[in-house]
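To start, the structure under review is shown below, and the notes come after it.
The values are calculated or read from the model by the stated rules, or taken from the named source; none is laboratory data. Keep in mind the model is a prediction, meaning the values are calculated, not measured. Positions of Cβ are generated from backbone atoms using ideal geometry, with glycine treated the same way; all protein chains shown enter the neighbour counts. Please note that ligands, DNA and RNA were not included when accessible areas were found on the heavy atoms of the full protein model with its side chains. Shrake-Rupley method; radii C 1.70, N 1.55, O 1.52, S 1.80 Å.
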Amino acid sequence: MPDPSDLISRAQSTRVVVIGGSVAGLVAALECAKVGMDVTLLEATGRLGDEVEGVDLDGVSVDVAVDSFAAGATALRALLHDVGLGSRLRPVVEPSRAVGGADGVHPLPAGAVLGIPANAWDPAVRRIVGWRGVWRAYLDRLRPPLTIGHQRNLGALVRTRMGERVAERMVAPVTRGVLGLEPDRVDVEAVAPGLGTALTRTGSLAGAIDALQGQGARETIEGGVAALADALADALATHAVRVLRDAPVTELARDGDHWRILLDIPDEAASRDAAEGTDAEQTGNDTAATVLRADVVVVATGAPDAGRLLSGTIDLPALASPAAHDVVLLRGDVALAPGHQVFPGGSGGAVLVEGIAVPEAERRSAAEAIARIVLTGSGRAAADALSDALHALADAVGSAIPPGAVSASVHRSVSRAAEGELDQRRRADDVRVATRSVPGLALVGAAIAGGDLGDVVADAIAEVGRIRRRALWGDEAVAVDDAGDSAASGAGS
Ligand SMILES: Cc1cc2nc3c(=O)[nH]c(=O)nc-3n(C[C@H](O)[C@H](O)[C@H](O)COP(=O)(O)OP(=O)(O)OC[C@H]3O[C@@H](n4cnc5c(N)ncnc54)[C@H](O)[C@@H]3O)c2cc1C
């Protein structure tokens, strides 16, 4: 058992570099800094948080992408309390949902999961798929269960059990809007955990949807989820973590017992600042690149960048990459109830139109709300994005909103495809095994941990805990972790 003073000096002399400053990277940096390690966090852009982003729309703070998380995620809750946000947790009212089709917009039945109905005879189902679609969906209750609990392909599952109309008119608009994926590319277990088991137990898809009722509760942070990124940045400052923004890592390589991290900082003065307090070297060429050295590297960049950075060190199975989206926020009398989501089938590439409440104290009229419109593809000129968004909103609410009646804000975002894509979980497990074989390396983030913030936070804490133990306790920790791994795999077999 090492002496406590040995542990203190081991912690202080362990240099950790975290690459990527979204939630996974921020949490990883905090977990290392808490035990006294010497931590530097490098973020490619000028802002921490990535998709956890708030914008000010005429004095109201609005989350651009991440706006809620699964309720009851223990690690995330504990973190929110630690960083002073515990008292701002609020439940989210379950959204009402509607889909657009050739004959207008129709509500999805209450209790539908990913657009899949629990009861084929609900009048809302008939309005979307017609009598023919209803009878076909009802066959799900009469057909033999066979091995439905093992079907991971959402599109194939819904088509086999409830028919093409339910798959195309009810489920596809939802998966396009929420994940940016066609149903045939969606992994049932990743997006609706427990559905497979419920299918096997109840013997029908409708029965399984019924069994999942009440399991999707979500929470948010009053004032916006973006507060989490700010609170984590404050916590890092308290723990004296060096945080470098506009500091993209271009190369990462093992160098003996250490890591060599190359940053491309075009401005020479900024490059000198980056090096300050570290044992960095300037490369001396005209791009003012800076080289940092570290004992431990945590890669928290998202899948495409992680694959590229680690390509010289390890062969990683490819993980899915998200698609680019434009997001338009409109504030005014948008005729859309807060919490209502419409998945349009119309033109302009709109896949989601949703209403967001304006806090009562900020409302300029009783009917004022915010519409958040997600458009597939990215790079539209602001005027085109606004025009596409207004068309989508008009289709969703059934009346045109004049451009002058709203204030607008346009943003770039990405789809959540990487989290729900078929086969992603297996590939993520392979990536995890491969990265664990490299000393002093951890890979964290949504692409590997699964979708929600709760999963990302719990995974980052666990993974950093593993690498921290190894750095501080050496071989003893390896023996304990290996024993834990084999006990866990024994329990699962
Ligand atoms: C549209 C959308 C909506 C979402 N909505 C929700 C929601 O409502 N609830 C929820 O719980 N989750 C949601 N998520 C998932 C959530 O965004 C993630 O779980 C969370 O943001 C954690 O992301 P991450 O830490 O893996 O990092 P990422 O978001 O992948 O960010 C990686 C960071 O690394 C930086 N980086 C990349 N390359 C380099 C480099 N070479 N050098 C330095 N830095 C680099 C990037 O600039 C970025 O800041 C949503 C995701 C998307 C895309």
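A few points about this structure:
- Selection status of ALA167, of a type outside the set (Val, Ile, Thr), part of a helix (DSSP H, G or I), more than 22 Å from PRO344 (Cα to Cα) and open to solvent by less than 40 Å² (accessible area, probe 1.4 Å): no
- The listed residues are LEU108, LEU30, and the only one of them that is closer than 28 Å to ALA369 by Cα, touching a residue at least 60 places away in the same chain (Cβ under 8 Å) and crowded, with 20+ Cβ neighbours inside 10 Å turns out to be LEU108.
- Any hit, segment 465-481, residues being within 16 Å of the ligand (Cβ to nearest atom), modelled with pLDDT of 90 or more and closer than 22 Å to LEU316 by Cβ: no
- If you go through segment 50-68 and keep only what is of a type outside the set (A, V, I, L, M, F, W, C) and within 7 Å of the ligand (Cβ to nearest atom), you end up with ASP50, GLU51, ASP67, SER68.
- Those residues of segment 111-135 which are buried (at least 19 other Cβ atoms within 10 Å of the Cβ) and assigned to a helix (DSSP H, G or I), in sequence order: VAL125, ILE128, VAL129, GLY133, VAL134
- Selection status of ALA156, buried (at least 17 other Cβ atoms within 10 Å of the Cβ) and either touching a residue at least 12 places away in the same chain (Cβ under 8 Å) or more than 30 Å from the chain's Cα centre (by Cα) (or both): no
Let's see how each residue does on (1) under 20 Å from LEU114 (Cβ atoms); (2) modelled with pLDDT of 95 or more:
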residue: PRO338; (1), (2): no, no
residue: GLY349; (1), (2): no, no
residue: GLU354; (1), (2): yes, yes
residue: ALA361; (1), (2): no, no
residue: SER365; (1), (2): no, no
residue: ALA371; (1), (2): no, yes
residue: THR376; (1), (2): yes, no
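- LEU41 meets the conditions (1) more than 8 Å from the ligand (Cβ to nearest atom); (2) open to solvent by 20 Å² or more (accessible area, probe 1.4 Å); (3) in contact (Cβ under 8 Å) with a residue 40 or more places away in the chain; (4) not basic (Lys, Arg) in every case but one. The failed one is (2).
- Check on LEU236, under 21 Å from the mean Cα position of the chain (by Cα), modelled with pLDDT of 95 or more and under 24 Å from THR435 (Cβ atoms): no
- Answer residue from segment 301-322, given it is closer than 14 Å to ILE261 by Cβ and of a type outside the set (D, E, K, R) and is nearest to the ligand (Cβ to nearest atom) among those: THR301
- The lone exception for SER413 - which of (1) in contact with a Leu (Cβ under 9 Å, 6 or more places away or on another chain); (2) under 21 Å from LEU179 (Cα atoms) it fails: (1)
- Hey, THR220 touching a Lys or Arg at 6+ places or on another chain (Cβ under 6 Å), outside the structural domain of ILE116 (by TED's automatic domain parsing) and modelled with pLDDT of 95 or more or not: yes
- Cβ separations smaller than 9 Å between residues 6+ apart or across chains give the following pairs from segment 225-239 residues that are open to solvent by 70 Å² or more (accessible area, probe 1.4 Å) to residues that are not in a helix (DSSP H, G or I): ASP230/LEU48; ASP230/GLY49; ASP230/GLY54; ASP234/VAL83; ASP234/GLY84; ALA237/VAL243; HIS239/GLY36; HIS239/VAL39.
- Residue match in segment 360-367 (condition: closer than 26 Å to VAL92 by Cα and under 24 Å from the mean Cα position of the chain (by Cα)): no
- Single match in THR220, THR160 (criterion: part of a helix (DSSP H, G or I) and among the polar types (S, T, N, Q)): THR160
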